[in-house]
Amino acid sequence: MTKAKAGELLDFITESEEKKQVLVIESVEYLQALRKKLPQADIYVVLANEDISGDEEYANLGVHWTIMDYLSEPLPFDEEFFDIIMGDQLFLQAQNPQDIASGLGLYLKDIGCLLTSFTNARYWKNIRNLKEGHFYHVCTHVFTKNEMLTLLFASFYKEAAFARVEDDYATDQAFIQDLEQFGFENIDGDLGIRTWMVMATKSTPEILELKRLFTPAIRRELVNRLRRVEFSIDVRKNTKGLVELWDKAGIFPAYLANFIKETVMFTERFLANIIPALWQLQRQDLARELMAEMAATYNLHQDYEAVLSWQNKAENGAIPELMTEDNMEQSAGGNEPAALPSEKKVAFITCVNNEMWYEECQLYIHNLHIPDGMGIEFIPIRGAKSMCQGYNQGMKQTDAKYKVYIHQDTLIVNRDFINDMLKIFQEKNVGGLGVIGCRKLPTSGIWWDGMRCVGRVLHACEAESVVDTICDEVEEPFVDVEAVDGLLLATQQDAPWREDLFTGWHFYEISQCKELQRRGYEVVVPYQDSYWCIHSPKEKPLDPTYEKYKRIFLKEYGEELEPEI
């Protein structure tokens, strides 16, 4: 197996005087050259079998040594600690390469990168060996470039760059020509490359630049306020907060325009809010600068015409009145829940372990239109032992007929959510609803593996981006499903959550759907003319208990499944 030569992976690294945090796994041959490239870096080394930290060769490098097997033990470092993690053939002997790739990603900063190499499965000699009846990689992993891309993307990396490792092996060009004649693609000379190197980053280049310039705290406040303005939440107040943040942090218009492009989904709506608000705040200068930068940034974007229209309005001073409902006083009224009968109450039940996210979740719920005669209440459950235990506890704390079990990082952006929910619940056979799910569960019990997934949701897994997840469209008013995602599950019928079975954080909502169906009720996904929710989960590997609860689910409900083929 060819090993990348010392210096090859280092070609991905730019010389710098910055104090970076670097982890080298096994590949100590890089240490001398790495120290020259990054003289101020804190360099950590993980070795499985031998302690060579006392060798004279490494004595003056200022390296921190750890003796452990990275393939079988968690690394003894804080999450998001390293700027660079590097090592040759990191997945070669991994039992599950995706577990290692995603696990290492936990220790990378959001602007960090993973550097490694891998043996090319399409290397001509590997194919010739197969032709002759030999396969010499039974106990190790080889990959094609496409397979490596799939592995990295499934492990939450967003971008990957490849480079070939030059070696001294003679290439059988005649055999490669034969392969090409048989239909083997040879893009970039792939058939002649024994080993590839790859640099994988946790962000796309555009988002990487946004992350490098300001702290995570500033970026989080920035996106929170931009999103509130986009969805008409206290527009003037949040625009004022944005202006104060821009001035205090020194956020310049070009950065802001790029940030808006990555994080704002509904450009026209956003501009119709923020430009009049800036006008009211006497910040016409900032409005014009922002629109000029957005016009440059949105060139070729689908919302370019909307941006140009608002740029013209700003230049000509033809700014309309701020027409949004500056909302909380007007929208979140409703009656005092305690004085209402159960059928007039909606309870929002949430397991909480992050107060910042829960406050944001509540803010959007306060922004909802509440029908006359109705009231809402919040039931936060802190310190829950499991989702089922927490939701059972919340269910017992309210007599509200309508209960919305919602993640703390879910933002309801459909202001008519309560009205829309009540219309669906006029159908007495409907016991619950969610915003995304599948018509029939597959044999795995994992809803997103189903053949007919339906619904839509916006995902904002990091502050600097938002993406739309759209499955099959739903015909009005709704379609029945076997399971929905737990980001939001609204019910008008109660069934105990199975805390006797699901003592953790997985399969709780799929189980609840089955419990409602056992009682004769349907679970549905509604038609959404626009997105009802934004979900902001942190991307991370599934914890080891996921498979445990999948087995429990299938043991309890497996005979009731009717998977589509």
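Values quoted throughout were computed directly from the atomic coordinates according to the rules given, and no laboratory measurement underlies them. Keep in mind it's a predicted model, so treat the numbers as computed, not measured. All Cβ positions, glycine included, derive from the backbone under ideal geometry; neighbour counts span all protein chains shown.
Cross-link check: pairs Lys109/Lys540; Lys211/Lys248; Lys109/Lys158 evaluated at a Cα-Cα cut-off of 22 Å; no pair lies beyond the cut-off. Calculated mean residue ellipticity at 222 nm for the chain: -10000 deg cm²/dmol, from DSSP H runs with n ≥ 4 weighted as -39500 (n - 2.57), summed, divided by the residue count and rounded to 500.
Where in segment 214-237 is the amide nitrogen less than 20 Å from a point lying 7 Å along the Cα-to-Cβ axis of Val243? Counting backbone N atoms under 20 Å from the label point, the list is 221-237. With respect to the chain, whose longest principal axis is taken over its alpha-carbon atoms, helix 235-249 is tilted by about 30°.
For the chain, what value does the Rg/Rh ratio take when both radii are computed over Cα atoms and Rh is the Kirkwood radius, given to two decimals? Spell out each step's value before the answer.
Numbers: Rg = 27.4 Å, Rh = 27.0 Å.
Over the Cα atoms of the chain, Rg/Rh equals 1.01.
Other residues lying with their Cβ under 15 Å from the Cβ of Ala292 contribute a combined charge of 0, Lys and Arg counting +1, Asp and Glu -1. Which GluC sites (Glu not before Pro) in segment 494-565 pass both tests, a DSSP loop state and at most 15 other beta-carbon atoms within 10 Å? Sites meeting the loop and neighbour criteria: Glu539, Glu564.
A simple spin-label model places pseudo-atoms 7 Å from Cα toward Cβ; at Gln280 and Phe153 they are separated by 4.3 nm.
Residues whose amide H lies under 5 Å from that of Ile370, counting only those 5 or more places away or on a different chain, are Gly333; hydrogens are built 1.01 Å from N in the peptide plane. Taking other Cβ atoms within 10 Å as a rough exposure proxy, Lys36, Lys540 sort from fewest to most as Lys36, Lys540. Once backbone amide H atoms are built at 1.01 Å from N, Cys113 has Ile84, Ile85 as its partners under 5 Å, excluding neighbours fewer than 5 places away on the same chain. Give me the log10 of I(q) over I(0) for segment 476-565 at q = 0.13, 0.22 Å⁻¹, as the Debye formula computes it from C-alpha points; what are the numbers? Calculated log10 I(q)/I(0) at the listed q: -0.51, -1.28.
Could you tell me which of rounded, prolate or oblate describes segment 212-316, using a ≥ b ≥ c as the square roots of the eigenvalues of the alpha-carbon gyration tensor, with rounded for a/c under 1.5 and, failing that, prolate when a/b is larger than b/c and oblate otherwise? Note, shape of segment 212-316 comes out rounded. Taking the chain as the reference, fit the longest principal axis to its C-alpha atoms, fit the long axis of helix 508-518 to the helix C-alpha atoms, and give the angle between the two in degrees, 0 to 90, nearest 10. Tilt relative to the chain: about 50 degrees. Annotation for Asp55 and Phe266: the two label points, set 7 Å from Cα along the Cα-Cβ direction, are 6.1 nm apart.
The trypsin sites (Lys or Arg not before Pro) of segment 487-565 meeting both criteria, a DSSP state outside H, G, I, E and B (loop) and at most 16 other C-beta atoms within 10 angstrom of the site's C-beta, are Arg519, Lys538.
The label point for Asp168 and the one for Asn353, both projected 7 Å from the Cα toward the Cβ, are 5.4 nm apart. Once the Cα-Cα distance is subtracted from the 0.36 nm per residue extended length, the Ser342 to Lys396 segment shows a gain of 18.1 nm.
What length, rounded to one decimal in nm, is gained on full extension from Ser309 through to Gln32, with 0.36 nm per residue of separation minus their alpha-carbon distance? Show your work: numbers first, answer last.
Values: separation 277, 0.36 × 277 = 99.72 nm, distance 5.69 nm.
Difference between extended and current length: 94.0 nm.
Extents of segment 336-560, taken as max minus min of Cα coordinates on every principal axis and listed largest first, are 45, 40, 39 Å.
Could you tell me which GluC sites (Glu not before Pro) in segment 151-248 are loop residues by DSSP with no more than 13 other beta carbons within 10 angstrom of their beta carbon? Present the calculation step by step, with values, prior to reporting the outcome.
Numbers: sites: Glu159, Glu166, Glu180, Glu185, Glu206, Glu209, Glu221, Glu230, Glu244; in loops: Glu166, Glu185.
Of the GluC sites (Glu not before Pro), the ones in loops of segment 151-248 whose Cβ has at most 13 other Cβ atoms within 10 Å are Glu166, Glu185.
Scalar couplings 3J(HN,Hα) for segment 491-505, obtained by applying the Karplus form with A = 6.51, B = -1.76, C = 1.60 to θ = phi - 60°, are 9, 10, 10, 8, 9, x, 6, 7, 5, 5, 9, 9, 9, x, 10 Hz; x denotes Gly and Pro. With the largest listed first and rounded to whole Å, the semi-axes of the equivalent ellipsoid of segment 112-175 from the Cα gyration tensor are 26, 15, 10. From least to most packed, judged by other beta carbons within 10 angstrom and beginning with the fewest, His301, His506 follow the order His301, His506. Straight Cα distances below 25 angstrom link Lys313 to the lysines Lys237, Lys240, Lys261, with same-chain residues fewer than 8 positions distant left out.
Legend: translational diffusion of segment 9-202 by Stokes-Einstein, Rh = Kirkwood radius over C-alpha pairs, 25 °C, 0.890 mPa s; D = 137 µm²/s.
If the chain linking Thr443 and Glu560 were pulled fully straight, counting 0.36 nm for each residue of separation and taking away their Cα-Cα distance, it would gain 41.1 nm.
Counting alpha carbon pairs within less than 8 Å and at least 6 residues apart, what relative contact order, in whole percent, applies to segment 432-524? Could you put the intermediate results ahead of the total?
Working: 164 pairs, mean separation 30.7, N = 93.
Once normalised by length, the contact order is 33 percent.
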